[in-house]
1. Would you kindly derive the ³J(HN,Hα) couplings of region 57-64 from the backbone phi angles with the Karplus curve 6.51 cos²θ - 1.76 cosθ + 1.60 (θ = phi - 60°), listing them in order in whole Hz, with x for Gly and Pro?
2. Lysines within cross-link reach of Lys77: Cα-Cα under 25 Å, excluding same-chain residues under 8 positions apart?
3. List the GluC sites (Glu not before Pro) within region 12-108 that DSSP assigns to loop and that have no more than 10 neighbouring Cβ atoms inside 10 Å.
4. Name the chymotrypsin sites (Phe, Trp or Tyr not before Pro) in region 1-43 that are in a loop by DSSP and that have at most 11 other C-beta atoms within 10 Å, would you?
5. Dividing the alpha-carbon radius of gyration of region 66-156 by 2.2 N^0.38 Å (N being the number of residues), what value is obtained?
6. Under a 5 Å amide H to amide H cut-off, with H placed in plane at 1.01 Å, what residues pair with Trp103 once short-range neighbours are removed?
7. Relative contact order (percent) for the chain, with alpha-carbon contacts under 8 angstrom and 6 or more residues of separation?
8. Compute the Rg to Rh ratio over the chain from the alpha carbon atoms, using the Kirkwood formula for Rh, and round to two decimal places.
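Bear in mind these aren't lab numbers, they're just calculated from the coordinates by the rules spelled out. Note that the coordinates shown come from a computational prediction; the quantities given were computed from them, not determined experimentally. Methodologically, a virtual Cβ is constructed for each residue, glycine included, from the backbone with ideal geometry; neighbour enumeration extends over all protein chains shown.
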Amino acid sequence: KAGAQSVRPDVEVTVVYIGSFDDVTKAKEAALAQASAGVDVLFHIADAAGLGIIQAIEEQNIWGIGWGIDQNSLAPKNIISSLISSGAELLVQDVAKVVDGTWTGEVRLYGLSTGVVGIADYHGLVPADVAAKVEEARQKIVSGELEIPYSATPSE
C-alpha cells in the first residue's frame, strides 16, 4: 500500500482474506468480485489458491502481480511481475545462524537486501521508465536510503 501511495497518493487499496491457501474456487470468486468492483491490479499472497486469482485476472483482462515464483507464464498478458520468495535462501541463512550459534527464535523480517525476497521480470508489460523507477526504489530500499514502513496489519 505504501508503495502504491508513493506514486499515487489517492490510490484505493483493498484487502480480502479468503481464509484458505488452497481453495482455488473461493479465491477466484473473491478476485472476480474485486474485478467487478473495478480494481486495476490484483496482487495475491495465496499459495495454491492464487491460481484461482490468476484465472480471474486473465478472464477479466486486468493486471496482476504473482507471488512466490515468477507467475507470468500462467497469464503472460496479465501478470506484470511477481514478488519472489525464496524459502531455500531463508533456510540457508537461518541454518548458518544455527551453525554459528547466533540463531534466535525471534521474528525476523527478510527484505530485498537479503535475497530471500525479490521482484520478478516484467516480461515487457511495464514501460521502461516505470521499470527504471521501480529499480531505483529497489536500490534505495536495499541501501537503506528508503525505509519501508512495517505494519503487521496489511490494511494499515
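1. Along region 57-64, the couplings run 4, 5, 4, 8, 6, 10, 7, x Hz.
2. By straight Cα distance, Lys77 reaches Lys1, Lys26, Lys28, Lys133.
3. Answer in residue order: Glu106.
4. Sites meeting the loop and neighbour criteria: Tyr17.
5. 1.28
6. Correct list: Val98.
7. Dividing the mean separation by the residue count of the chain yields 17 percent.
8. Rg/Rh: 0.98.
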